[in-house]
1. Checking B:HIS239 against (1) open to solvent by less than 30 Å² (accessible area, probe 1.4 Å); (2) more than 9 Å from chain A (Cβ to nearest Cβ); (3) within 17 Å of B:LEU224 (Cβ to Cβ), which test does it fail?
2. Let me spell it out: the conditions are (1) within 16 Å of the chain's Cα centre (by Cα); (2) not in a loop (DSSP other than H, G, I, E, B), and A:GLN160 meets all of them except one. Which number is the exception?
3. Among the residues of segment B:180-205 satisfying the criterion of being within 12 Å of chain A (Cβ to nearest Cβ), surrounded by fewer than 24 Cβ atoms within 10 Å (Cβ to Cβ) and not in a loop (DSSP other than H, G, I, E, B), which is farthest from the chain's Cα centre (by Cα)?
4. Determine which member of the set B:ALA310, B:ALA271 is loosely packed, with under 14 Cβ neighbours inside 10 Å and out of contact with any Leu (no Cβ under 6 Å at 6 or more places or on another chain).
5. Looking at (1) within 16 Å of B:SER47 (Cα to Cα); (2) open to solvent by 10 Å² or more (accessible area, probe 1.4 Å), which is the one condition that is false for B:ALA256?
6. In segment A:252-264, how many residues are crowded, with 20+ Cβ neighbours inside 10 Å and either more than 9 Å from chain B (Cβ to nearest Cβ) or touching a Pro at 6+ places or on another chain (Cβ under 9 Å) (or both)?
7. Here is a list: B:ASP80, B:ASP75. Which entry is touching a strand residue (DSSP E or B) at 6+ places or on another chain (Cβ under 7 Å) and either touching a residue at least 40 places away in the same chain (Cβ under 8 Å) or farther than 17 Å from B:VAL249 by Cβ (or both)?
8. Going by the structure shown, is B:ALA282 out of contact with any strand residue (DSSP E or B) (no Cβ under 8 Å at 6 or more places or on another chain) and surrounded by fewer than 18 Cβ atoms within 10 Å (Cβ to Cβ)?
Amino acid sequence: MSALLQLENVTRVYRGGGPFSQGAEIVALDDVSLSVARGSCFGVVGESGSGKTTLTRIALGLEAPTRGRVTFDGVDVAGLRGAARKRLRRRVQIVFQDPYASLDPRMSVHDIVAEGMVIHRDSLGLDARARTARVVELLGLVGLGAQHLNRYPHEFSGGQRQRICIARALAVEPELLILDEPTSALDVSVQAQVLALFEELKARLDLTYVFISHDLGVVRYVCDRVAVIHRGRIVEENEATRLFAAPQSAHARELIAAMPDPDPDRSPFRRAVL
Amino acid sequence: MALVEIDELHLTMTSYDGAAHVLAGVSLSLERGEIWGLVGETGCGKSLTGLTLSRLVASPPARYLSGAVRFDGRDLLAADEETMRDLRGRRIGMIFQDPTTNLNPAFRVGTQMIDVALHAGRVDPSILGLAAGASRGARRRAARDLAVSMLDRVGIVDAARRIDDYPHQFSGGMRQRVLIAMALIGRPDLIIADEPTTALDVSVQAQILALLHRLAAEDGLAILLITHNLGVVAQIASHVAVMYAGAVVEAGDVRAVLKSPRHPYTQALIAALPRADVKRGALAGLPGVVPDLLTPPPGCRFLPRCPIGAADCARAAPGLAPVDTGQRVACFRAERAA
């Protein structure tokens, strides 16, 4: 399988300190290389501050690496300017963690989902009428309907809001979807529904996912390959089944051991008590 | 007698659209040394149940319709505000989800802890180890010493120096430890921990859970652990109560409930977890949505989503009754204990 997104020796350094002082440099990503195969689901796990967010920002093209190369579909992202850059951005979309914070409360569902199509109307070529028809189609795709078109975000539950976010991301026909903790704010029963939706959409629309999460159970369930990131470095990368069965690095072992297992007999505390 | 007893508690919340029946007969009892996990989906009333124990639910809009909340034999619903103030932060400690918003960023951690210790000392001078009528300076020094010893107890290294730090100088996990230390100052009998690890990384979560587990064992604390994470419950809880739409639907020993759930809702929650043995595509979601509590379905509130429900389930709300595996289940169709 060919690589859709490829990071080669990517390093990203931020300058620390306040607006008037020059602090120490913060290395958010340190020599990161990874390759996301087309049609796969690539998981990135790590704790807060490990560099997950910087990685997504670089993958989205919102941020340039300090050193290293990012290629999307074989094209070096750094060299793109203007219209070419805009076209690239259309092909990579994101679904955020918190569906309560990532929808504008003053926009209707129609306007939220259609906004990307307006921005990318040059490449998508849809007029207002076609856009509305497409919004209805997208809402159907994520399990909502035309009756929701003129409603506002506050009228929806968390799971429904996340579906709106997914419809918005899909509106511009992306190839790569970055899912940044997409189910962390949801209840388990709703999480199961949303994960099923991701699977269905991936097959139907030939999508590639980068799935970012600290919930290892979810990552194990949805991902083909997983990279464990710790302090800006990838400490381990492997097929999901192998990584969870036999983690090689100390940090991955630690993370897997700390996963709260829903089986009371596997609790480390209960064993100590019994 | 149980330390905490909630008995058939009914509570409504008044809104512009009418009264929502948000707690519809919640029953729960905790003994000392027990850790009860209280689980359920968003909006099922688990946090509200925790808040009724310290009576922190503003009334109005809340209205207690019927039922009782007893703490150590005392009826909390009838207690006056002064009594409640003496209980809160003293015999009933609370820990919340977000350790960042629960500490005042403008004050040193020590200042905030000493306040709590001085308050606890006013109610019970023995907490500060002083006789009644000790001087102000003596009380302050004792309060500070107590705060340092509590920080030390929850695993803050170099507590005597760290007590003068500001909240932003602590990491998320350390801040949660500070809040736990604060809750311990009044030598509580009960700690209500509302999603105490949700904002933390898994490795930090494991440390905080270990701490709570140790405290329950060493001090005979009763802990009500409110969470939506069944994994967390499985790790440290001795008992679990599952709530759905304002009522406890299954309650009992944690192994009985999680290993052989009898209520269809508990079964659905467990089936929705992506466990190691679940193959991709096999994860079962729970169809439907939580009912609108302004117009709840008649009878069993789970009926509209229930895979085994029948027409007669709509006639009345099922009460908790014991089943063969020992826990109590509120379902007409669950197999009852002989």
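1. It is condition (1) that B:HIS239 fails.
2. (1)
3. Taking the candidates together, the pick is B:SER203.
4. On the way: B:ALA271 fails: loosely packed, with under 14 Cβ neighbours inside 10 Å.
Answer to the check: B:ALA310.
5. That leaves (1) as the condition not met.
6. Count: 2.
7. Details: B:ASP80 fails: touching a strand residue (DSSP E or B) at 6+ places or on another chain (Cβ under 7 Å).
None of the other options fit; the residue is B:ASP75.
8. Details: out of contact with any strand residue (DSSP E or B) (no Cβ under 8 Å at 6 or more places or on another chain): yes; surrounded by fewer than 18 Cβ atoms within 10 Å (Cβ to Cβ): yes.
Considered against the rule, which asks whether it is out of contact with any strand residue (DSSP E or B) (no Cβ under 8 Å at 6 or more places or on another chain) and surrounded by fewer than 18 Cβ atoms within 10 Å (Cβ to Cβ), B:ALA282 comes out as yes.
The values are calculated or read from the model by the stated rules, or taken from the named source; none is laboratory data. Since this is a predicted model, take the numbers as computed values, not measurements. Note: ideal-geometry Cβ built from the backbone for every residue, glycine included; neighbour counts use all protein chains shown. Surface areas here come from the heavy atoms of the whole protein model, side chains and all, with no ligands, DNA or RNA. Shrake-Rupley method; radii C 1.70, N 1.55, O 1.52, S 1.80 Å.
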